[in-house]
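The values are calculated or read from the model by the stated rules, or taken from the named source; none is laboratory data. This one's a predicted model, so the numbers in the text were calculated from it and none came from an experiment. Cβ atoms come from the backbone with ideal geometry, glycine included; neighbour counts cover every protein chain shown.
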Amino acid sequence: MAMETLPPTYNYLFFEELDSTNDYAWQHVREFRQDKLTIIHAAFQRSGRGQGDHKWMSEPAENLLFTICIPVRENCQFAIFSITELAALSVRAYVANTQQVQDVFIKWPNDIYVSERKIAGILIENLYQGNSLQWIFVGIGINLNQKSFPTSFEIEPISLVLLDGKKREMHKELNIFLTYFEKYYREWLKRAWVNLHEEYNHHLWKKNEEIRLLTFADKKEIRCHLLGVDMDGALMVEHDGMEKKFLHHEVRWIKL
């Protein structure tokens, strides 16, 4: 199925159902053109994946579920976390402008929150050949029309329809999202990574507030002050008068 309004820089693939759009990318990447971004879009994912061992649960044809496959030019040098910043800022801008509100935040490292509730998530995976990065797979899930969510969530997610009561058509919304993605992608291509990093920190959830983290290594809970995120994607906090840094696989959030 083609989207005629999509710019020619995209190769677009749509499926009514897949196990996972990121999984499809891994399985079929050899078929993708190196001179285009490939978008894999599914109305439903049977086994949607989130960060770590988390699952992305979505009702059929209710939400926006897709993966953007970005080919990496030979010898392209960049801070790998800049891709997370590019994706998070794109999703945040789409949600904020759709709702005409400003309380849309990026929860480190790659979730999008409206106030205190999650509305979107991002999963980024990198394909290497030897030590050379070949492709970046940016998996994105945005809650559009879903009105109820599994009770297993500590805090129930939110969706656009729960915010404004408007049901949305997913193909149209993907086109709208891509206008924001293209803006930030052009900045990324121009190596404006410092600008992306500063904007990411500007919209960081709980910045300059007290937070609680659980360290995976020693299962220790710490209360700390969130300072920001560094260029490598490490969370910077102040704890017991000292600045500390944590990578995303070293800690998890705990509700205050």
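Annotation: of all residues in region 121-157 being among the β-branched types (V, I, T) and in a strand (DSSP E or B), the one that is farthest from L37 (Cα to Cα) is I142.
For region 13-22, a residue qualifies if it is outside any loop (DSSP other than H, G, I, E, B) and crowded, with 20+ Cβ neighbours inside 10 Å, and the qualifying residues are L13, L18, T21, N22.
Touching a Lys or Arg at 6+ places or on another chain (Cβ under 9 Å), surrounded by 14 or more Cβ atoms within 10 Å (Cβ to Cβ) and either assigned by TED's automatic domain parsing to the domain that holds F105 or among the polar types (S, T, N, Q) (or both): does that describe N195? Lay out the reasoning, then the answer.
Values: touching a Lys or Arg at 6+ places or on another chain (Cβ under 9 Å): no; surrounded by 14 or more Cβ atoms within 10 Å (Cβ to Cβ): yes; either assigned by TED's automatic domain parsing to the domain that holds F105 or among the polar types (S, T, N, Q) (or both): yes.
Here the answer is no, as N195 does not meet what is asked.
Could you say which residue among T67, T84 is buried (at least 21 other Cβ atoms within 10 Å of the Cβ), at pLDDT 95 or above and under 18 Å from E199 (Cα atoms)? Walk me through it before giving the result.
Numbers: T67 fails: under 18 Å from E199 (Cα atoms).
On inspection, the qualifying residue turns out to be T84.
Entry remark, region 158-190: residues being assigned to a helix (DSSP H, G or I), farther than 29 Å from F81 by Cβ and free of Cβ contacts under 8 Å to residues at least 40 places away in the same chain number 3 in total.
Among residues of region 233-256 that are touching a residue at least 40 places away in the same chain (Cβ under 8 Å), those with a beta-carbon under 6 Å from a residue that is among the basic types (K, R) and assigned to a strand (DSSP E or B) at least six positions away or on a different chain give the pairs I254/R212; L256/R212. Among the residues of region 191-244, not one is modelled with pLDDT under 95, part of a helix (DSSP H, G or I) and in contact with a strand residue (DSSP E or B) (Cβ under 9 Å, 6 or more places away or on another chain). Residue selection: I136 fails the criterion of being aliphatic (A, V, I, L, M), surrounded by fewer than 16 Cβ atoms within 10 Å (Cβ to Cβ), in the same structural domain as P71 (by TED's automatic domain parsing) and in contact (Cβ under 8 Å) with a residue 24 or more places away in the chain. Residue check: P109 meets all listed conditions (1) out of contact with any Lys or Arg (no Cβ under 9 Å at 6 or more places or on another chain); (2) in contact (Cβ under 8 Å) with a residue 24 or more places away in the chain; (3) over 26 Å from G228 (Cβ atoms); (4) in a loop (DSSP other than H, G, I, E, B) but one, namely (3).
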